[in-house]
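*Asks:* I'd like to ask you about the structure that follows.
The values are calculated or read from the model by the stated rules, or taken from the named source; none is laboratory data. This one's a predicted model, so the numbers in the text were calculated from it and none came from an experiment. So basically every Cβ, Gly included, is an ideal-geometry build from the backbone, and we count neighbours across all protein chains shown. Ligands, DNA and RNA are excluded from the accessible area calculation, which covers all protein heavy atoms including side chains. Shrake-Rupley method; radii C 1.70, N 1.55, O 1.52, S 1.80 Å.
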Amino acid sequence: MIARPTRDVPDLDADDADIAEIDQDEALIADLAEEAEPAPGSVAMGRAAIARALKHAPSGPGVYRMLGPDGTVLYVGKAKSIKRRIVAYTRPTGLTARIMRMVAATAEMEFVSTGTETEALLLEANLIKQLRPRFNVLLRDDKSFPYILITKDHVSPQITKHRGARNRPGDYYGPFASVWAVNRTINALQKAFLVRSCSDSFYEARTRPCLLFQIKRCAGPCTGEVSHTDYAEYVREARDFLSGRSKAVKEQLAREMEAASQELEFERAAALRDRLAALSAVQGTQGINPRSVEEADVFAIHQEGGATCVQVFFFRTGQNWGNHALYPRADRTLEIGEVLESFLAQFYEDKPCPRLILLSHDIAERELLEEALSTRAGHRVEIAAPKRGEKRELVEHALQNAREALGRKLAESASQARLLEELARAFALQGPPKRIEVYDNSHIMGSNAVGGMIVAGPEGFAKSQYRKFNIRSTELTPGDDYGMMREVLTRRFSRLLKENPRATASPLPDGERSTAQPSGEGQPSTMAPSPSPQPSPPRGEGEESDAASSAWPDLLLIDGGPGQLKAAQETLAGLGVTDVPMVGVAKGPDRDAGRETFYVEGREPFRLEPRDPVLYFVQRLRDEAHRFAIGSHRARRKKDLTQAGLQEIPGIGPTRKRALLHHFGTLKAIERASLADLEGVPGVNAATARAVYDFFHAKAT
C-alpha cells in the first residue's frame with residue numbers, strides 16, 4: 001500500500017479529472033525531457049526518470065514499482081489509473097519530504113496491469129511482503145499463527161497443533177495468538193473429550209495404554225479401551241465445542257452426569273463432572289468472551305516516539321483465542337489510518353480472514369479493502385470502526401494493550417541502546433553496533449558437526465537471520481574446533497563479499513542509508529510467488545538473497561579463547577576482510593559464568609566486573625549461540641539416526657531393534673526412555689540398555 005495521494009501527491013485517479021490539468025502535466029513532462037542532464041541523486045533526476053517511464057505507463061489499474069540505480073525496489077504502489085498516478089510524481093510542488101526522497105532515489109519504473117483495482121490491491125500487498133521496499137509500510141515480526149487440527153485421515157482422529165499449509169485432511173480451528181494458547185486449550189480439551197494427541201505411528205505401535213490413558217487424558221482407542229463408535233462421539237463433541245456450540249456440549253454432559261448419578265453410576269458421573277470442569281477451565285482462562293461477536297479479528301494501532309504497534313485479538317466461536325502485538329515499520333510522517341490500511345492488506349495476504357474486522361481507526365479505502373478480502377476469503381468480509389457498544393469496548397481493550405505493548409517495547413529498546421553503547425565502550429568500538437554476529441560450533445567427537453550463527457542488534461535477537469552451517473570438509477580432524485570455525489567463517493564471508501562488497505553505494509539525498517551499508521535494512525526477501533498476474537522480475541530478483549547473507553556485521557563474538565580468535569582473524573584476513581572487530585569470549589575457570597575472559601586484538605586479555613550489565617549481555621549472546629548450535633546439532637544427529645536406524649548403536653541388531661520399537665513404539669520414545677525402562681524391555685540386557693541410553697544422552701559440545 002502507498003501513502004494516500006490526497007496527502008502526498010495530487011489525486012489523479014478521479015474519472016472527472018480536469019483535462020486542462022492533465023494537458024499541463026504532459027507539457028511539463030515534455031519540458032523535463034528537454035532539460036539538461038540533472039545532477040545524479042537529485043529530485044530533478046528522479047522526475048526525469050519517471051517522465052521517461054510515463055511514456056510506457058498503462059492508463060488502467062495496476063501496480064507500479066520504483067527502482068533505484070542498482071535495481072533495488074524502493075516502493076510498490078497501486079493505482080486505479082497508473083498513468084494519472086505517475087504524472088503526480090513529476091510535479092515540482094505538492095510533494096512531502098518523504099516522497100521527494102523517494103523520487104530522488106528513483107532511476108526507473110516497472111508496471112503491471114490488472115483487471116480491477118481490487119486485483120491491484122491484492123498484488124500490491126503480495127509484492128510488498130515479497131520485496132520489502134524501504135519506502136513502504138512493512139509488516140515485521142510476521143509469522144504463521146498456530147491452529148488446532150482434528151484430523152480426518154485416521155479411524156481414530158487425532159488432536160494436534162498445526163502451522164503452515166493446510167495439507168492434511170481435517171478440521172482447523174484458529175488462529176490462536178501463540179503456541180502457549182494452543183497447548184493450554186489442547187490440554188483442557190484432552191481432559192474434557194479424551195481425544196488422543198499421539199502420532200499415528202505411535203498409535204499403531206501400542207500394545208498397552210500409554211500414560212495419557214492412565215491420567216485420564218485419552219480414551220485409549222489404540223488398544224481398544226474404548227470402541228470406535230464411542231470414540232467418534234468424543235471427537236464429535238470436541239468439534240462441536242471448537243465450532244462454537246460449547247453451551248450445547250456442556251448441557252449434554254450435565255444431563256449425562258445427572259442421569260449417571262440417578263442410576264448410581266457414581267464413577268461415570270465423576271468422570272463427566274471432571275470433563276465439565278475442564279470445559280469451564282478452558283473458557284474461564286480466555287479472558288474476554290464477547291456476547292455479540294461470534295467471529296472477528298480486532299486491530300488497534302498506537303504510535304509513539306516514531307514507533308508503531310498494532311495489537312490484534314482473535315475471536316472465534318464467541319471465545320477469545322488470544323492476542324499478539326506486531327510492530328510494522330512505517331515512516332513517522334504517515335497518518336495512522338494509512339499505516340493500518342497497509343498493515344491489514346499485508347496481514348491477510350497469507351492468512352484466512354474472518355467475516356468481521358474491527359478497527360480502532362477508520363481507513364480511507366475501507367470498501368476497496370472489504371472487496372479485496374472478500375474475494376480472497378470466498379465470503380463477505382465486513383470492516384468497521386465501532387463507536388459504541390460491546391464492539392467498541394473490545395477495540396478499546398485492544399487499544400489499551402497496544403499502548404502498553406509499545407511502552408514496553410520502547411523501554412526495552414532504550415535499555416538495549418544503552419547496553420550497546422556500553423558494549424562499544426567496553427570493546428573500544430567506533431560506535432554502538434547495529435548488527436552483532438555470534439559464532440559457535442557443536443558436535444560429538446566430530447560427528448554431525450554444525451556451526452551456528454546468531455544475530456542481535458538494537459531490537460534484540462533477530463532470529464529470522466540465524467544461520468546454521470553443516471560442516472562439509474572431509475579433511476578436518478574429528479573435533480577440530482579451529483578448522484570448523486575456519487570453514488564457517490569462510491563460507492559466511494565469501495558469500496557476503498560476493499553478494500555485498502564493501503564498496504560504498506552512491507549517496508542518497510537527505511541522509512537516506514544505502515542498502516550497501518551494514519545495517520541490513522531494506523534487503524529483499526524471498527517469499528511465496530505473487531498471484532496472477534505475475535510481474536516481470538526486477539533485476540537480480542532471481543538470485544538468492546536475504547538479510548542475513550547480505551548485511552555486514554559491526555562486531556563478531558567468537559565463543560572461545562585466543563586459539564579460536566586467531567583462527568577467525570586469519571580466516572578473514574585471508575579473504576581480505578580486516579575491518580570487522582572481533583572479540584573472543586572464553587569461559588572462566590571450571591567454565592564458571594561471570595568469570596569470562598575477553599580477547600581483543602591489540603589489548604591484553606581482560607575481564608569485566610562480575611555485575612557489569614555488559615557482561616550479562618555478552619553472556620546472553622554467548623548462551624543463545626550455544627543453544628542454537630546445540631539444537632542444530634541435535635536435529636542433524638536425530639535426522640541421521642532416523643535414516644540409519646538403531647543399528648548405529650554398537651550391539652543393536654535387528655532383533656533388539658524390533659524389541660525396542662515394539663516396546664516403545666517410536667524412536668523418540670526410545671530416546672526419552674530412562675535406563676530402568678530400557679532394562680525392562682524383553683531381550684535387552686543391562687549392557688545393551690546402557691549403550692542405548694548413553695548414545696542418546698551423550699553431552700554435545
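*Asks:* For Val182, are the conditions met, namely being of a type in the set (Val, Ile, Thr) and closer than 28 Å to Glu671 by Cα?
*Replies:* yes
*Asks:* Let me ask something additional. Being in a loop (DSSP other than H, G, I, E, B), over 23 Å from Arg163 (Cα atoms) and not aromatic (Phe, Trp, Tyr) narrows it down to one of Asp362, Asp350, so name that one.
*Replies:* Asp362
*Asks:* Tell me which residues, restricted to segment 195-209, are among the charged types (D, E, K, R) and in contact with a strand residue (DSSP E or B) (Cβ under 9 Å, 6 or more places away or on another chain).
*Replies:* Within segment 195-209, Arg196, Asp200 meet the criteria.
*Asks:* How many residues, within segment 51-96, are in a helix (DSSP H, G or I) and buried (at least 24 other Cβ atoms within 10 Å of the Cβ)?
*Replies:* Selection size over segment 51-96: 4.
*Asks:* Now for a separate question. Which of the residues that make up segment 103-139 are hydrophobic (A, V, I, L, M, F, W, C) and within 28 Å of the chain's Cα centre (by Cα)?
*Replies:* Ala120, Leu121, Leu122, Leu123, Ala125, Leu127, Ile128, Leu131, Phe135, Val137, Leu138, Leu139, listed by residue number.
*Asks:* Hey, another quick one. Among the residues that make up segment 372-394, is at least one of them more than 26 Å from Glu304 (Cα to Cα), within 23 Å of the chain's Cα centre (by Cα) and basic (Lys, Arg)?
*Replies:* Taking every residue of segment 372-394 in turn, at least one turns out to be more than 26 Å from Glu304 (Cα to Cα), within 23 Å of the chain's Cα centre (by Cα) and basic (Lys, Arg).
*Asks:* Moving to a separate point now. Which pairs turn up if I take residues in segment 224-245 that are on the phi > 0 side of the Ramachandran plot and modelled with pLDDT of 90 or more and look for partners that are assigned to a helix (DSSP H, G or I) and buried (at least 16 other Cβ atoms within 10 Å of the Cβ) with beta carbon separation below 9 Å, at least 6 apart in sequence or on another chain?
*Replies:* As it stands, the answer is none, since no pair meets every condition given.
*Asks:* Right, here's the next one. With (1) over 32 Å from the mean Cα position of the chain (by Cα); (2) open to solvent by 20 Å² or more (accessible area, probe 1.4 Å); (3) at pLDDT 85 or above as the list, and Pro589 as the residue in question, which single condition is left unmet?
*Replies:* Of the numbered conditions (1) over 32 Å from the mean Cα position of the chain (by Cα); (2) open to solvent by 20 Å² or more (accessible area, probe 1.4 Å); (3) at pLDDT 85 or above, the odd one out for Pro589 is (3).
*Asks:* With the requirement that a residue be touching a Gly at 6+ places or on another chain (Cβ under 9 Å), aromatic (Phe, Trp, Tyr) and open to solvent by 60 Å² or more (accessible area, probe 1.4 Å), what does segment 428-484 give you?
*Replies:* Tyr482
*Asks:* Modelled with pLDDT under 90, over 30 Å from Ala44 (Cα atoms) and not hydrophobic (A, V, I, L, M, F, W, C) - does that describe any residue in segment 119-126?
*Replies:* yes
*Asks:* Please enumerate the residues belonging to segment 167-193 that are outside any helix (DSSP H, G or I), over 26 Å from Ala254 (Cβ atoms) and at pLDDT 80 or above.
*Replies:* Selection gives Asn167, Arg168, Pro169, Gly170, Tyr172, Pro175, Phe176.
*Asks:* On the basis of being in a helix (DSSP H, G or I) and not β-branched (Val, Ile, Thr), does Leu368 make the cut?
*Replies:* yes
*Asks:* Looking only at segment 135-153, how many residues end up being modelled with pLDDT of 85 or more, over 23 Å from Cys198 (Cα atoms) and either in contact with a Pro (Cβ under 7 Å, 6 or more places away or on another chain) or open to solvent by 10 Å² or more (accessible area, probe 1.4 Å) (or both)?
*Replies:* Qualifying residue count, segment 135-153: 3.
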